[in-house]
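All remarks here apply to the structure that follows.
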Amino acid sequence: MTDRHVVAHILRRLTFGPTAAEVDAALRDGLPATVDRLFAPAAVAFPALGPDPVRSLAKGASREERQKARQAATQQATEALAWWAGQMAAHGGSAAEKLTFFWHGHWATSVQKVRSAGLMLEQQKTLRRYGVGTTGPLVRAMLRDPALILWLDGQKNTRKAPNENLAREVMELFTLGVGHYTEDDVKAAARVLTGWVVDRTTGTSRLDAKRHATAPVTLLGRAGPFDVDGFADLLVRHPAHVPFLAGRVWLRYGSTSQPAPAALSAALSAAGNDVTAMLRALALDPAFPQTAGHLVKQPVEWVVGAVRQLGVDPAKGRKQILAGLRALGQVPFRPPSVGGWPAGEAWLTTAAAQARLRTGQALAALAPAVLEDLAEAATADRLDALARLLAVDAWTGRTAAVLTPAAKDPRRLLAIGLATPEYTVH
């Protein structure tokens, strides 16, 4: 791989689709300085959605008023989605922004059950605040997160009727993985988490002492009267936590076909469970470029990357962006299950290929400046210009044979280029 290919690979993995200018800058500045810049925190202005329409209904509201409130709540969810899509496009060159999306897929929570766009945005604030540091504070905060509590039935968990859903998933899917806890641990953890309730009006959670079980339990090999923070500490100190999390990071940033290298867990441990430090170590590992071609872009990565590289205004392209995400089957704030979205070849269906082509055509229509640049290039040079634009290292002979006849029509060329294997797999 050339130096430019190495730099482009790292930017493709850490960010949402690098632009040609960003690859140029990284090549000029060098990888260490570039990686440091990528993780610099960016100021985020969250949208003001207003109060929860359903919770704002007066007692005795009519059927029509309730229906309007539900419609308003749905509109708030759409506004939150459009805001985040725009945020990812505007700040998609930031590794911190993509890390927020990673955590959203990891702590997968859906607005369809939570039924509050405001609570989903509050969860995002938590992911942004704690997700760039060590895992201890993040796990503590997420066990108190109102959206997650509602999503996993934590508000139904009382000392008289313990609900094990949140306790089980936090160990199995979020911190330890299958096989590193017992059913007795699930029962004990559920009792530790009893009594946490959500106030939808204020958007906060609190511990209701009357619903909370206070008796000591034996949990993950330790005995004591644990509270939620004590449980979080047991999780992040457990020997399975670091390799489990390293594996989840590797699945999204490294490869779906190869196991996570032991060095990744070692880097996470050496950094005191700091995920940003682990990603820095991964990006600067000389072996990391060897994973090129191992990942299929998730639809969010594909759409946001295309929007950035084509210079599409997210506000003007809102309709096309949201339609593309829905057509491709990955809508932020709406993961299909607590397990999050799939990875790898699950995104390489015939229907997905057709959706990418249609979405590519719609986005190309919103990129007149890019189309003009392609048109100004000699027809024979347009494939190279397209590769530079889309941060593609090279076209295979098979793909070039498909693109060459389209080179006479820049808009068609661009749409097909976005649907190619070289752009979809990185």
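Read the figures in this text as sums done on the coordinates, not as results from a lab. From a predicted model like this one, the values you see are computed outputs, not experimental measurements. Cβ atoms come from the backbone with ideal geometry, glycine included; neighbour counts cover every protein chain shown.
Worth a mention:
- Spherically averaged projected area of the convex hull of Cα atoms, the chain: 22.1 nm².
- Longest to shortest principal axis, alpha-carbon extents of region 63-237, angstrom: 47, 46, 24
- Relative protection proxy for 248-254, 217-223, from highest mean packing down: 248-254, 217-223 (other beta-carbon atoms within 10 angstrom).
- With Cα atoms defining each centre, region 208-224 and region 393-426 are spaced 59 Å apart in the structure.
- Of all aspartates and glutamates in the structure, the ones whose alpha carbon falls short of 18 Å from that of Lys297, not counting any fewer than 8 places away in one chain, are Glu97, Glu345, Asp393, Glu422.
- Degrees, to the nearest 10: 318-328 long Cα axis against longest axis of the chain: 80
- Peptide packing for 94-107, 351-364, 372-385 was compared via the average number of neighbouring C-beta atoms within 10 Å per residue; ordered from the highest value, the list is 94-107, 351-364, 372-385.
- Here, region 352-426 has an Rg and a Dmax of 11.2, 32 Å when only alpha carbons are counted.
- Euclidean distance between Cα centres, region 305-358 to region 145-161, Å: 31
- Amide H within-cut-off set for Trp196, under 5 Å, with H built and near neighbours excluded: Asp208
- Near the amide H of Val217, within less than 5 Å, lie the amide hydrogens of Gly224, Phe226, all on another chain or at least 5 residues away, with H placed in the peptide plane.
- Computed from the C-beta positions of Thr404 and Thr349 and an R0 of 35 Å, the FRET efficiency is 0.85 to the nearest 0.05.
- Efficiency of FRET from Cβ geometry, Lys125 and Ala20, R₀ 35 Å, rounded to 0.05: 0.60
- Cα-based radius of gyration of region 299-424 once divided by 2.2 N^0.38 Å, which approximates compact folds: 1.06
- Reachable lysines from Lys160, criterion Cα separation under 25 angstrom, eight or more residues apart if same chain: Lys113, Lys187, Lys210
- The C-alpha radius of gyration of region 34-109, expressed as a fraction of 2.2 N^0.38 Å, stands at 1.51.
- Global form of region 126-187, assessed from the alpha-carbon gyration tensor, a/c cut-off 1.5: oblate
- Value of [θ]222 nm, deg cm²/dmol, for the chain, DSSP H segments ≥ 4, -39500 (n - 2.57) each, nearest 500: -16500 deg cm²/dmol
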